[in-house]
Amino acid sequence: MAAVKNSLPRRQFDVVVVGAGGAGMRCSLQLAQAGLSVAVLSKVFPTRSHTVAAQGGVSASLGNMSEDNWYWHMYDTVKGSDWLGDQDAIEFMCREAPNAVYELEHFGMPFDRNPDGTIYQRPFGGHTANFGEKPVQRACAAADRTGHAMLHTLYQRNVAARTQFFVEWMALDLLRNDAGDVLGVTALEMETGEIYVLEAKQTVLATGGAGRIWAASTNAFINTGDGLGMAARAGFPLQDMEFWQFHPTGVAGAGVLITEGVRGEGGILLNKDGERFMERYAPTLKDLAPRDFVSRSMDQEIKEGRGCGDGSYVVLKLDHLGAETIQKRLPSIREIAIKFANVDPAKDPIPVVPTIHYQMGGIPTNIYGQVVSVANGETTPVNGLYAIGECAATSVHGANRLGTNSLLDLIVFGRSAGNHIVESHPERQRSHQSIPESAIDFSLDRVNKLETRTDGEKTQDVGNAIRMAMQHHCGVFRTLDLLNKGVDAIESLAPQVDSLYFKDKSKVFNTARIEALEVTNMIEVARATTKSAANRTESRGAHALNDHPERDDVNWLRHTMWFSEGSRLDYKPVQMKPLTVDSFPPKSRTF
Ligand SMILES: Cc1cc2nc3c(=O)[nH]c(=O)nc-3n(C[C@H](O)[C@H](O)[C@H](O)COP(=O)(O)OP(=O)(O)OC[C@H]3O[C@@H](n4cnc5c(N)ncnc54)[C@H](O)[C@@H]3O)c2cc1C
């Protein structure tokens, strides 16, 4: 039964936040505490957002274990990003980090403690003291359940601040007026199948990552890139979508994540000869080199015939840490290894392979989280739209993210976007602007076509085809030939997405409808990724191209901007100038 636009129920809020992960809830907390009316939408119960699965920690130069400072953290992040990160945003994040973490501590987040009562910190890949001299302990941890502790803390605080949660609501499309301002979203109440118009003076996208466009992923099944799809369909660019991080240690065959915290605690990677091969690739940081580096080294070992078992994986050894440390610091890892790899890591090593994990690119924003549009190299903030967390490219991670910098990104920029909205609230839009019917029509037509189609492509088939195409064409090592074939494969699937069909038309909690809508978002992310990747003829961070193995700062020290219409590309300069300190100029990246 098709919905009719005039009869759509409407609700009005000061702010609609799409996404109840760490980013969305850190932002909504700031807003609700300031007295704004805030709606937070989530496809799942808030505390089931993917942030809950974050294991290893959140970075901040607290210096609890040894000397540390934000400037070293900034250097590591710039270098980790392979100089594609914007240095103003990176300075902002690293400076704010200690405050943002102490704030969480004061909210009641149950961090692990040192004997003197300070927050426990562990080493993580690419985080160093004194500009790369040696690993530093910077990751603030709650055992191997840091995201769980963070998300529950934020949820409780939001409940206390009277944030209004719309649980199991799926946002469908952004609503814009002729001036291009964003005025809210259309959204599906999953329980009833009803579509609503949610009017907002400000809309915040916090929809998380899209790792589920690959077949093997550490991501939650809900990570289908909905916010990216919404932005792309509304005409906004997606930035740096060629950069996706493979996490070195997904359980072989299962994809489930084994935190880098294992290596932080002293775990090591071995090949079939029992050799600690990372010593050869990264003599200083060894197993704690950044993720792109370690993933490629593992891939190399496997390709050169030094993989373990059937030759398709390497192993992660941690039994030498002792059963007691494993139980205290890494209890969930032990459980995951037993359940998904059938090994007890207190006795035997865990089989691991690089697995897609994190998107560095996303919806472009400034340091206040305002989405920016790009024309002729100039960026302008979009009225009424913010993006934060993994769906945003702020860009602090550039071409490669350092572990534990994402949880940090969520709380720093979630807070910063919240503050910016609160500060600009009084002088902006005292009442809601009227939403053009055509904007609502566009969204409704999309859904109605899906609802009324009686024949076409099965959602599962098209979804699988996208996941397999990405898996095959966009791996740890890439070639232009493979990437171009990937562009063709994905573009040839786009028409199939336009004729998706599902048999069960019932309204109440119809997951077939939801999956189909998710696939319409996945295709945008896959198109952006393949097109941007096939275009960048250099190797930088996570984008490793066999045909062009070197970084090319002359031609490629710039952000890619992809537009859905015509799969058009544009560029934006990298912000090399930090806020207050001197710039870190590009140099070669060895560890
Ligand atoms: C297994 C794993 C372990 C990790 N460990 C760490 C770590 O130790 N340290 C670290 O720094 N980073 C880690 N990361 C990365 C980090 O956890 C994520 O980048 C981060 O949690 C993303 O947070 P977010 O708030 O942006 O989105 P998420 O937490 O993914 O939340 C997204 C929200 O958006 C909602 N949503 C999505 N689409 C819609 C829609 N259409 N309508 C309504 N709601 C929608 C979802 O329901 C959800 O509430 C890890 C990631 C994974 C997968």
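Every number here is computed from the coordinates shown, using simple stated rules; none is lab data. Since the structure is predicted, the reported quantities are computational estimates derived from the model, not experimental observations. In this analysis, Cβ positions are derived from the backbone assuming ideal geometry, glycine residues included, and neighbour counts consider all displayed protein chains.
Quick one, what does Rg over Rh come out to for region 1-149 if you take C-alpha atoms and the Kirkwood Rh?
1.09
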³J(HN,Hα), Karplus 6.51/-1.76/1.60, whole Hz, each residue of region 44-49, x for Gly, Pro: 10, 4, x, 6, 9, 4
Rh by Kirkwood over Cα pairs, then Stokes-Einstein D for region 391-442 at 1.002 mPa s and 20 °C, µm²/s: 151
Of the GluC sites (Glu not before Pro) in region 413-500, those whose Cβ has at most 16 other Cβ within 10 Å and which sit in DSSP loop: Glu427
Estimated FRET transfer efficiency (Ser424, Asn130; beta-carbon r; R0 41 Å; 0.05): 0.55
Ratio Rg/Rh [Cα only; Rh per Kirkwood] for region 136-254: 1.01
Diffusion constant of region 218-351 at 20 °C, which comes from Stokes-Einstein with the Kirkwood Cα-pair radius and 1.002 mPa s, µm²/s: 132
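Semi-axes, largest first, in whole Å: what does sqrt of 5 times each Cα gyration tensor eigenvalue give for region 350-478?
The equivalent ellipsoid of region 350-478 has semi-axes of 32, 28, 13 Å.
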Cα-based convex hull volume of region 318-422 per residue, rounded to whole Å³: 134
Computed Rg/Rh of region 42-96, alpha carbon atoms with Kirkwood Rh: 1.11
Charge dipole magnitude, Cβ of K and R +1, D and E -1 - the chain, Cα centre, debye nearest 20: 600
Label-reachable residues, region 178-222, where backbone N falls under 20 Å from a point 7 Å from Ser434's Cα toward its Cβ: 178-186, 197-202
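Step by step: find N for region 438-556, compute 2.2 N^0.38 Å, then divide the Cα radius of gyration by it. What's the final number? Each step should come with its number before you reach the end.
Working: Rg = 17.6 Å, N = 119, 2.2 N^0.38 = 13.5 Å.
In units of the 2.2 N^0.38 Å rule of thumb, it is 1.30.
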5 angstrom amide H check on Asn177, placed H, neighbours 5+ away: Leu183
Ala215 paired with Lys303, simple spin-label distance in nm, labels 7 Å along Cα-to-beta-carbon: 2.0
Other-chain or far-sequence residues with amide H under 5 Å of Leu500's (modelled H): Glu457
Positive-pole candidate from His425, Leu444, Leu408, dipole of region 398-459, charges at beta carbon: Leu408
Proximal lysines to Lys503, defined as alpha-carbon separation beneath 20 angstrom and excluding residues fewer than eight positions away on the same chain: Lys449, Lys458
Hits among lysines - C-alpha to C-alpha of Lys43 under 19 Å, sequence gap 8 or more where chains match: Lys507
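Can you give the alpha-carbon Rg of the chain over 2.2 N^0.38 Å, where N counts its residues?
My calculation over the Cα atoms of the chain gives 0.91.
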Positive-end residue of Asn510, Val497, Cys474, charge dipole of region 462-576 with Cβ unit charges: Asn510
Nearest-20 debye value, region 251-354 charge dipole, Cβ charges on Lys, Arg, Asp, Glu: 140
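Under 8 Å for C-alpha pairs, at least 6 residues apart: give me the relative contact order for the chain, rounded to a whole percent.
Values: 1422 pairs, mean separation 128.8, N = 591.
Across the chain, relative contact order equals 22 percent.
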3J(HN,Hα) from dihedral phi, region 566-578, Karplus parametrisation 6.51/-1.76/1.60, rounded to Hz, x for glycine, proline: x, 6, 7, 10, 9, 9, 9, x, 6, 7, 7, 8, x
Unit charges at the beta carbon, dipole of region 251-354: most positive-side option, Met298, Phe340, Leu330: Leu330
Loop trypsin sites (Lys or Arg not before Pro), region 238-299 (other Cβ atoms within 10 Å of the site Cβ: 16 or fewer; DSSP): Lys272, Arg276
For Cys308, residues with placed amide H under 5 Å, excluding near neighbours: Lys272, Tyr313, Val314
Kirkwood-Stokes translational diffusion coefficient of region 511-591, alpha-carbon pairs, 20 °C, 1.002 mPa s, µm²/s: 140
³J(HN,Hα) computed for each position of region 193-200 - Karplus, 6.51 cos²θ - 1.76 cosθ + 1.60, integer Hz, glycine/proline x: x, 6, 9, 10, 9, 9, 8, 8
Met468, Met190, Met278, Met360 arranged by Cβ crowding within 10 Å, fewest neighbours leading: Met468, Met190, Met278, Met360
Projected area averaged over orientations for region 427-507, convex hull of C-alpha atoms, nm²: 9.8
More than 19 Å apart - percent of Cα-Cα pairs taken over region 69-207: 68
Arg10 versus Ala494: modelled label distance in nm, points set 7 Å from Cα along the beta carbon direction: 3.4
